[in-house]
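Written out below as structure tokens is the structure these notes cover.
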Amino acid sequence: MNFLEERILKDGIVKPNNVLKVDSFLNHQMDISLMEEIGQEFHRRFADKNITKILTIEASGIGIACFVAKEFGVPMVFAKKSHSINIDSEVYMAEVESFTKKTKNNVIVSKKFLKQDDRVLIIDDFLANGCALQGLIGISKTAGATVEGIGIVIEKGFQIGGQVIRNLGIQLESLAIVDAMDAETGAITFREQ
């Protein structure tokens, strides 16, 4: 069992409808020591890639992606869920659906922050159905950038997203893969990696 699986078992809460609540340490309140360890682990797993940008989506991926970007010594860019007056009109856009919020958003990245010569590592907190990742992959491809890999903190292995992304031939590294959860007992089963 790895450091993240131990923390999920200790502080994660299984809710109905396949929701794993990890807001006490990952995506609402953040354990900074854990974030540093996550950043270091993603750096170790993608050290052979010549990463020039870390790409994520607001909001929960931002904090994690910052720690990964620090390890690689490169900028972090996040896709915004709304267009505001301080964003240039030249943007890449993709529609993504949120598993937990059951909403669809157009996410955007300014064209000045993602270029053809970028080698992108996409980072996010959760992988369920893969919609957000597909949107970020689409934005990267539209920019002409190369997606070198994807780092996920927690993958729900019982949902289709992991298989969909792996079928694209992109290196996908998930720090913890949950194969089953039981909201009644709170039991969590992890996939051996």
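Some notes on this structure:
- Residues in region 1-53 that are in contact (Cβ under 8 Å) with a residue 40 or more places away in the chain and either among the charged types (D, E, K, R) or touching a His at 6+ places or on another chain (Cβ under 8 Å) (or both): 6 in all.
- The strands (runs of 3 or more DSSP E) located wholly in region 78-193 that include 2 or more residues which are over 22 Å from Ile38 (Cα atoms) and open to solvent by 70 Å² or more (accessible area, probe 1.4 Å) occupy 91-97, 104-110.
- Every test in (1) touching a strand residue (DSSP E or B) at 6+ places or on another chain (Cβ under 8 Å); (2) open to solvent by 10 Å² or more (accessible area, probe 1.4 Å); (3) not in a helix (DSSP H, G or I) is passed by Ile62 save one, and that test is (3).
- Only listed residue being in contact (Cβ under 8 Å) with a residue 24 or more places away in the chain and within 21 Å of Leu4 (Cα to Cα), chosen from Ala132, Ala176, Ala180: Ala176
- Matching option when the condition is at pLDDT below 90, within 21 Å of Ala183 (Cα to Cα) and of a type in the set (D, E, K, R), among Lys21, Lys102, Lys81: Lys102
- Subset of region 1-57 that is assigned to a helix (DSSP H, G or I) and in contact with a Lys or Arg (Cβ under 7 Å, 6 or more places away or on another chain) - its residue that is nearest to Gly151 (Cα to Cα): Gly39
The values are calculated or read from the model by the stated rules, or taken from the named source; none is laboratory data. Worth saying up front: this structure is predicted, and the values here are computed from it rather than measured. Note: ideal-geometry Cβ built from the backbone for every residue, glycine included; neighbour counts use all protein chains shown. The protein model used for the area step is the full one, side chains on, heavy atoms only, and it has no ligands, DNA or RNA in it. Shrake-Rupley method; radii C 1.70, N 1.55, O 1.52, S 1.80 Å.
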